[in-house]
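A quick write-up on the structure given underneath.
The values are calculated or read from the model by the stated rules, or taken from the named source; none is laboratory data. What you see is a predicted model; the values in this text were computed from it and never measured. Here the Cβ is made from the backbone with ideal geometry for all residues, glycine too, and neighbour counts use every protein chain on show.
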Amino acid sequence: MSARKLSAVLATLLACTAAPALAQSVAITGGKVVIGDGSDPIDGATVLVEGGKVTAVGRDVAIPAGVRRVDASGKWVTPGLVVAITDLGLIDVGAVDESNDSGAGKSPFSAALDISYAINPDAQPIKISRAGGVTRAAVAPLGTDSIFGGQGAVIDLGADPDAVTVPRAFQYVELGETGADRAGGSRVSTWTELYNALGEAREIAANPNGARRDDVMLGRRDAQALVPVVTGKQPLYVHVERAADIRMVLKLKQEFPALRLVIVGATEGWMVAGDLAKSGVPVLATPLNDLPASFEQLGATQSNVGRMKAGGVKVSLGAFFDQPRYAPQYAGNLVGLTKVPGASGLTWNQAFAAISSGPAEILGMGDRFGSLRPGRAGDVVIWDGDPLEVTSGVVSVYIDGTEQPLDNHQTRLRDRYNTDNPGTLPRGYDW
């Protein structure tokens, strides 16, 4: 083969690898389409996906010749669910340390930790969540010996080896009771440690190649990892629950004005809704905390999210560490709260946006996924009923326009033992 022909072949191969893997053109027709941005569903509409992206949505969409058609008549069509702050991809079996990468309590590093290296796209929890309609997730580091958990990542749940969409997407810090325990036993030490760490990072940002002071407490790698935080290039996700702690977080910007804050948890967020709304700091709220399980959650109420929303807070649902696929159930309960006298919930449209476009926007990626607006990723889920009803199930899932397998360990166990004749059941164990 001549050098010219070889170059042409290599160029063709490179062009193929640069395209979205197996990206399909598909027109999903006739369904009840939920855009996911808070607008009303559209009956009998079409979603057209080409080259891995949504290109058209509506009742009068022209479908190009040769495009595969999927009839969704009588079904619901939505964007893929976005779960923010989860451990997907870090855990196979939570109780088995060897398969659990969600914590690094013995590591000498904290803020420098980058969890994108540990994401396992073949983990069963990813497959189970994908079968439940979850297509994107923000994965957070959780356990270190410091208040800083490290740098989280945004992933997609596609059945391919390239799960990480954005590595080092945010820095995660534990304040409140958990942070106090890690920092020495008191919130006093927590805030001193936080301010000191951000201060050391600011010094490095101002003089990257300069010698450090003798009294620094952070290692260089951890301090360098916080430079994007203090310069506003990387968001700081802060886990707090108590109203007083939320107020203290909002005051951080007085000392470090470039901080891009996101509050996670916020059980007592309703008590400071005015402060949150005024600050513009978004919240990824734990959906239905309603018990005073700790002193920092004495103000817990199921109306928390609804009250924050009514107060003008940019709030969506987050902190899905236990079965992220249950996000629609949590959202549906918030819709149900609107029918309870004296309670505050969300409208249907608000609730679905709180698990789709809302988290995507807080992640800074609302222009990439989370809704079915043209130009967004072709993440589409077909449901056999209202997705916020527990009796509804997922029929099909597309990620970047590619239809995904829905089989997983749970479905295989179901199929194995789903028989009307007990005598024909396969053995579970041979003793």
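If you scan segment 221-266, which residues turn out to be aromatic (F, W, Y) and more than 24 Å from the chain's Cα centre (by Cα)?
F256, the sole residue that qualifies.
Here is a check on your reading of the model: is V166 under 18 Å from L284 (Cβ atoms), in the same structural domain as D87 (by TED's automatic domain parsing) and either surrounded by fewer than 19 Cβ atoms within 10 Å (Cβ to Cβ) or of a type in the set (D, E) (or both)?
Answer is yes for this residue.
Checking G336 against (1) out of contact with any helix residue (DSSP H, G or I) (no Cβ under 9 Å at 6 or more places or on another chain); (2) closer than 24 Å to K278 by Cα; (3) in a helix (DSSP H, G or I), only one condition comes out false. Which one?
Looking at each condition in turn, G336 falls short on (2).
Answer yes if at least one residue in segment 153-166 is farther than 25 Å from I128 by Cα, part of a strand (DSSP E or B) and either of a type in the set (S, T, Y) or touching a strand residue (DSSP E or B) at 6+ places or on another chain (Cβ under 6 Å) (or both), and no otherwise.
No; the residues of segment 153-166 include none that is farther than 25 Å from I128 by Cα, part of a strand (DSSP E or B) and either of a type in the set (S, T, Y) or touching a strand residue (DSSP E or B) at 6+ places or on another chain (Cβ under 6 Å) (or both).
Check whether at least one residue in segment 362-373 is touching a Leu at 6+ places or on another chain (Cβ under 7 Å) and either at pLDDT below 95 or buried (at least 17 other Cβ atoms within 10 Å of the Cβ) (or both), and report yes or no.
Yes: segment 362-373 contains one or more residues that are touching a Leu at 6+ places or on another chain (Cβ under 7 Å) and either at pLDDT below 95 or buried (at least 17 other Cβ atoms within 10 Å of the Cβ) (or both).
Could you list, ordered by first residue, the pairs with Cβ atoms under 8 Å in which the first is in segment 175-204 and at positive phi and the second is among the charged types (D, E, K, R), at least 6 apart or interchain?
Here the result reads G176/R187; G176/E241; G176/R242; G176/D245; G176/E296; G184/E193, each pair linking segment 175-204 to a residue that is among the charged types (D, E, K, R).
Which ranges mark the helices (runs of 4 or more DSSP H) fully within segment 215-275 that have 1 or more residues being among the aromatic types (F, W, Y), modelled with pLDDT of 95 or more and surrounded by fewer than 24 Cβ atoms within 10 Å (Cβ to Cβ)?
Here the list is empty.
Please indicate, with yes or no, whether at least one residue in segment 199-209 is under 21 Å from A84 (Cβ atoms) and in a loop (DSSP other than H, G, I, E, B).
Checked against the condition, which is being under 21 Å from A84 (Cβ atoms) and in a loop (DSSP other than H, G, I, E, B), segment 199-209 yields no hits at all.
Give just the number: which of (1) over 23 Å from R69 (Cα atoms); (2) touching a Ser or Thr at 6+ places or on another chain (Cβ under 9 Å) does L388 not satisfy?
It is condition (2) that L388 fails.
Take the residues in segment 169-193 that are in contact with a Pro (Cβ under 9 Å, 6 or more places away or on another chain) and either surrounded by fewer than 18 Cβ atoms within 10 Å (Cβ to Cβ) or not small (G, A, S) (or both); name whichever of them is nearest to G133 (Cα to Cα).
F170
State whether the residues of segment 344-351 include one that is over 14 Å from S316 (Cα atoms) and in the same structural domain as D156 (by TED's automatic domain parsing).
Yes; the residues of segment 344-351 include at least one that is over 14 Å from S316 (Cα atoms) and in the same structural domain as D156 (by TED's automatic domain parsing).
Could you pull out the residue among R325, R307 that is at pLDDT below 95 and either in the same structural domain as Q124 (by TED's automatic domain parsing) or crowded, with 23+ Cβ neighbours inside 10 Å (or both)?
R325
Among the residues of segment 102-137, how many are in contact with a strand residue (DSSP E or B) (Cβ under 7 Å, 6 or more places away or on another chain), in a loop (DSSP other than H, G, I, E, B) and of a type outside the set (G, A, S)?
2
May I ask you to list the residues in segment 302-335 that are more than 12 Å from P287 (Cβ to Cβ) and among the small types (G, A, S)?
Listed by number, the residues that qualify are A310, G311, G312.
Scan segment 74-112 for residues that are surrounded by 24 or more Cβ atoms within 10 Å (Cβ to Cβ), more than 25 Å from R325 (Cβ to Cβ) and of a type in the set (A, V, I, L, M, F, W, C) and jot them down.
Matches in segment 74-112: A111 only.
Can you name every residue in segment 75-101 that is modelled with pLDDT under 95, of a type in the set (D, E, K, R) and part of a loop (DSSP other than H, G, I, E, B)?
D87, D92, D101
Return only the number of the condition from (1) in a loop (DSSP other than H, G, I, E, B); (2) exposed (fewer than 14 other Cβ atoms within 10 Å of the Cβ); (3) not small (G, A, S) that Q410 does not satisfy.
(1)
If we keep just the residues of segment 34-48 that are touching a Gly at 6+ places or on another chain (Cβ under 8 Å) and assigned to a strand (DSSP E or B), which is nearest to L346 (Cα to Cα)?
Here the residue is I42.
Tell me which of these L372 doesn't satisfy, since it passes every other one: (1) in contact with a Pro (Cβ under 6 Å, 6 or more places away or on another chain); (2) in a helix (DSSP H, G or I).
(2)
Mind checking which pairs have a first residue in segment 31-49 that is assigned by TED's automatic domain parsing to the domain that holds G385 and at pLDDT below 95 and a second that is crowded, with 18+ Cβ neighbours inside 10 Å and part of a strand (DSSP E or B), Cβ under 7 Å, 6 or more apart or different chains?
Matching pairs, first to second residue: none at all.
Going by what's in this entry, would A319 be described as under 22 Å from the mean Cα position of the chain (by Cα), hydrophobic (A, V, I, L, M, F, W, C) and at pLDDT below 95?
Answer is yes for this residue.
Checking G232 against (1) touching a Pro at 6+ places or on another chain (Cβ under 8 Å); (2) on the phi > 0 side of the Ramachandran plot, which test does it fail?
Result: G232 fails condition (1) only.
Name the one entry in D114, D87, D97, D92 that is closer than 30 Å to R182 by Cβ, acidic (D, E) and under 16 Å from the mean Cα position of the chain (by Cα).
Just one listed residue meets the conditions, D87.
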